[in-house]
Every structure is written in structure tokens, then in C-alpha cells.
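See structure below.
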Amino acid sequence: MSAILQVENLRKTYDGGFEALKGVSLDIQDGEILALLGPNGAGKTTLISNICGITRPSAGKVTVGGHDVQKDYRAARQMIGLVPQEIALEPFEAVLNTVRFSRGLFGKKPDEAYLEQVMRKLSLWDKKDTQVRALSGGMKRRVLIAKALSHEPRVLFLDEPTAGVDVELRKDMWNVVSALKADGVTIILTTHYIEEAEAIADRVGIINRGEMKMVEDKASLMQRMGQKQLEVLLTAPLQDVPNALAEYNLALSPDGSSLIYTYDTRSDRTGITRLLTDISAAGLVLNDVKTRESSLEEIFVGLVSEDRT
Amino acid sequence: MNLYGIWAIYHYEMSRFRRTITQSLVSPVISTSLYFVVFGAAIGSRIQEVEGVSYGAFIVPGLIMLSVMTQATSNASFAIYFPKFIGTTYELLSAPVSFLEIVIGYVGAAATKALIIGALIFATSHFFVDVTVAHPIAMVAFLVLTCFSFALLGFIIGIWARSFEQLQMVPLLIVTPLVFLGGSFYSITMLPPFWQGVSLLNPVVYLISGFRWSFLGAADIPVGLSLLAVAGFTCLCIGVIWWIFRTGWRFRD
């Protein structure tokens, strides 16, 4: 896969001096789903706004499909669809007209068949003549997606698509995203629901205070998340891990009072029973056992709280 | 040039016009008809001829201008302010359209609406008075130029406004008084010399005078000067819009 979107050292400082983006760099691969996680005010929406042309970057470079978003904005923007966080729609216009407007605005000649196809996929076709104000919140969000897809973009930004929606609709939205990916659309979604990133993303990026803290494959993240630690507290501290327990790759706590065993929860055998038997056989006496696991949430909270200190 | 983009904005705005036909079209026509009844028939019957024509016929160009100027301003200002208010400007800003194309779409639609209203009032006036047009081409030219220049002004107001109150303020406190005092209902030669001088500072006087010249063949102010005033006003508005485009003032952060 090649990068369809490249962000290099992007900075945004507002007039009041607030630095919303502090040199963000990011490559987004063609056809992937990237979830951008971050707390409120982290810079997620600012990053999207700078890529899409809603705000002007203070420094840095963004290219979409090789087109610079400032110098070659027409070609770059034609490749992008944006679904904003807030539901912002002309309330008195009919659904189909507002979708037609979006297609025209992006410089595409009318194609009713394509619009019908998009709207059918989003279960909107039955509502094509309905005024936007008569729709439910979930349907309005679908209209926003239809508008964003009306000009056949290669890259779709979904800014918190499931903020404040019920569980059923959230699942529904995830299905829509999966279907879009199947059509070859690259998707960047911002969220602060960790389970959302877990459910649909290929990669996860964590942003906080205007800085990208990490971008990693969800699979390798899950690997890290899937690891669990068993801490065996001993009655008497040790100098070294006994040779009889060498095969377990145990770590010794700094004060020597506990042994730490890392294992994979997803494997058939965790080896815990055998380890505990071997510990007893080595003549060690157990005082207590504790387990600890790392979740995406923990990684996320860890990275975010590091910044606060 | 993104022609589909310009057309999309223009078409969308015109569809709003069709959707709100009563407010857009019927109400200015009714209110202008009321002016004809009150000023033209009731009061006008007691006024002798002005500049060689009946008072009713004299006020026709002024009434058309009054509606056209206020409608062009309010239509254009609302057209760009409303997306700002409901948050849909994100789409304009993220689309491959230049600021110039956005202006052409919105201003073109607002000017078209004002032109339609002007034409309808012109047609309606025939029910009340005998209207003759001495210079039809000049009349159309003045009307079109005025529609565009005031739609440009309205667009600037819509970009500037941060609330509905501000949106109403400029048309209500500046445009309407200037139009009323710009000779819609009288010839400025009727005023005492001092107020004639003051009136010449009002740009609308030149527009109404020029438009009236195209109807009556005579005017308070030489027609060349009127034309220069409309052109100057249009250039000023274009200049301000160019500056907004360069700076993104109140439109793009």
C-alpha cells in the first residue's frame, strides 16, 4: 500500500497564540481505516480542518494523492469527503437536493444514478424528497455521509461519527464504514470511544495537546493488549530467578520480592498452572498473586496522563 | 473555473427563492403596490406634476430602486449568513471552489432575485400609472448594475455579521434611510439648497437619478455622473470582497 495522504510537520497557531497543532506528521495508506483517538481539545478536529481547507495551516505541508492542499487545492479537495462532527444541514431543503448540491459544489457533473446508489446504500433513498428537518438525528448523520460521498472521494474524514448516538446506531455506522472500506475508500475517523477504534480501525493514532503520541497497527496494539502479567509475591526476596524457572522468562521485581510472568491470553495454554507447580517445586513460598493487563484504554490514558505531568 | 460549483450554489439559492415564493416575491410586490396606492393615488392626486410627469409616474423608478436595493442586499446577506449560522460553511470551505466562485454563485443568485422583483414591480406599476421608458437599454443596464452592486454589499454584510441583529442593522439603519432620502419619492431639486448639497453625499441619489433618467429622459444629476457612481460603488464592493478573499476575514480561520 502507498500513502494517499501525507501530513508533514503541520502546525496551527490561532490568533490568540494558542498552538492547536505542534508539528504533526502522519502518513495514511490507501484503503485503510485510521482511527484518531484523543481527548476533547486534543487537536483532532483542527487536524482535519487543516487538511480539508476549513482552516489555514500556520506551517507544514499536506498532500492528498500527491496534490498539495494549498497550492493545488482543487485537485486535493476533489479527493476528500468530510463528515463534520456537528450535524450542520440546511433544514428546509429536500434530502436529494442537498446531496445534489454537494456533488455540484465539488465540480462533478450531475449523475443521478450514482447518487441513487449512494443513498440506497445509506438507506436514504426513501427519504429523498423529505425535508432535512423532518429526519431523525441518525438519518441526518447519514445525509451528511451521503453529501460527503456525493463526489466520489477517495478519502473520507468522519469527525466523531458516533458521538452522542445510541449503541444500535453506532453499530449501524460501523457497518456503513466497513462497506465503504470494501469499496476502496480510505477512511480517517476521529473518536474518543476506544471500542470504536478496536472494532473498525486498521491503525490507531493517538493525539494529545496538538501532538501525535503514536500511530500503530491495531493488530500489534492488540498483541500488546492481549498480553497479561502475573505477579507472584514471595515470602522471602530473591537475588536471582532460580535456574529451574529459566524457561518461563520471568522478571524479578527490583526489590526481589516478586516474580513477574508475561503470557498471552489468546493462546490455548497460558502455562500458569505449570509455573505455579514449578515455583512450589523450586522451594519458593507464595505470599500472594496478582494479574495485570494492558488495554488500549490503558495505553491511551497512560500517554495522555504523561502529558499532564 | 469550477462552473458546476458556481451553478450548484446559484441553483440552490434560486430553489430557496422558489420555496419561499410568498416571502420572496409576493410581499415586495404587495408592499410596492401599497406605495402606489398611498403615494401615487391618494397623495399624488394633490401634487402637481414633477419634472413634467404625474407624481405617480415620477415615483415608479424610485420605487423599483427601493425594492431592488433592499432585496438585493437582504437576499445576499442572508444567503451567506445563514450557512454561517447553521454551520454549513464547512462544505463551501472544503470544496474545490475559489472565493470568487462562491461570490459569483451567491451574488449572482441574489442579484437575479432582485432583478425578478424589479421586473415584476415594473410590470405591476402599469396597473396604476402610465409608464414610459425613454432609454430602455440604459434602464436595464442601471437595474442590472444596481442589483449586482447591492448584492455585493449584502454579501459583505453577511460575511461581517455575527448575529441576526447585526445582519439587520446595516440594511435597516444605513441602506433603507439612504434609499428613502435618495430621492425615491421626490426630486432633490424640491429641497432647500443646503439639503440639496447634503443629498449629493448620498450615493443612492446618483443611482436613483440615473435610473429615473432612463425612464423620463431627464434627471437631477447628469447621467454620466450617475453611471460613474454605480461603477465606483461596485468597484468599492469588489475591492472589499477581494480583501476578504485575501485575508479570509470572518470566513476562514
Local net charge near residue A:70, Cβ-Cβ under 9 Å (Lys/Arg +1, Asp/Glu -1) = +1
Excluding same-chain residues fewer than 8 positions from residue A:171, which lysines have a Cα within less than 25 Å of its Cα?
-> A:44, A:121, A:127, A:128, A:140, A:147, A:181, A:218
Shape metrics for the stretch B:58-189, restricted to C-alpha atoms - Rg then Dmax, Å = 16.3, 53
Whole-Å semi-axes of the stretch B:115-170's equivalent ellipsoid, largest first, each the root of 5 times a Cα gyration tensor eigenvalue?
-> 31, 14, 7
Taking the convex hull of the alpha-carbon atoms of the stretch A:226-294 and averaging its shadow over every direction gives an area in square nanometres of 4.5
Going out from 0 in 5 Å bins, what whole percent of all Cα-Cα distances in the stretch A:146-237 drops into each bin?
-> 3, 10, 19, 20, 17, 12, 6, 4, 4, 2, 2, 1, 1, 0
Sorted from largest down, give the three principal axis spans of the alpha carbons of the protein assembly as shown, whole angstrom values.
-> 124, 49, 39
Expressed to two decimals, the stretch A:1-65 has a Cα Rg over Rh, using the Kirkwood radius, of 0.97
Once Lys and Arg are counted +1 and Asp and Glu -1 for all other residues with Cβ under 13 Å from that of residue A:140, the total becomes +2
For the stretch A:25-166, just the Cα atoms, rotate onto the principal axes and tell me the three extents in Å, largest first.
-> 44, 36, 26
Convex hull over the alpha-carbon atoms of the stretch B:3-247: what's its volume per residue in Å³?
-> 127
So how far apart, in nm, are the two label points at residue A:267 and residue A:18 if each is 7 Å from Cα heading toward Cβ?
-> 4.9
Total charge of the residues flanking residue B:24 in space, meaning their Cβ is under 13 Å from its Cβ, with Lys and Arg +1 and Asp and Glu -1, is +3
Rounded FRET efficiency, nearest 0.05, which uses the C-beta distance separating residue B:29 from residue A:112 and R0 of 22 Å | 0.05
Can you pull the one-decimal nm distance between simple spin-label points at residue B:250 and residue A:282, each 7 Å off the Cα toward Cβ?
-> 7.5
Using a Förster distance of 45 Å, how high is the FRET efficiency between residue A:167 and residue B:169, based on the Cβ-Cβ distance and rounded to 0.05?
-> 0.45
To the nearest 20 debye, what is the magnitude of the charge dipole of the stretch A:1-142 about its Cα centre, counting +1 on the Cβ of each Lys and Arg and -1 on the Cβ of each Asp and Glu?
-> 200
Taking all pairs of different Cα atoms in chain A, averaging 1/r and flipping that mean, what Kirkwood radius in angstroms comes out?
-> 22.2
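The numbers here are math on the coordinates, done by the rules we state, and not lab data. All of these numbers come straight from a predicted model, not from anything done at the bench. All Cβ positions, glycine included, derive from the backbone under ideal geometry; neighbour counts span all protein chains shown.
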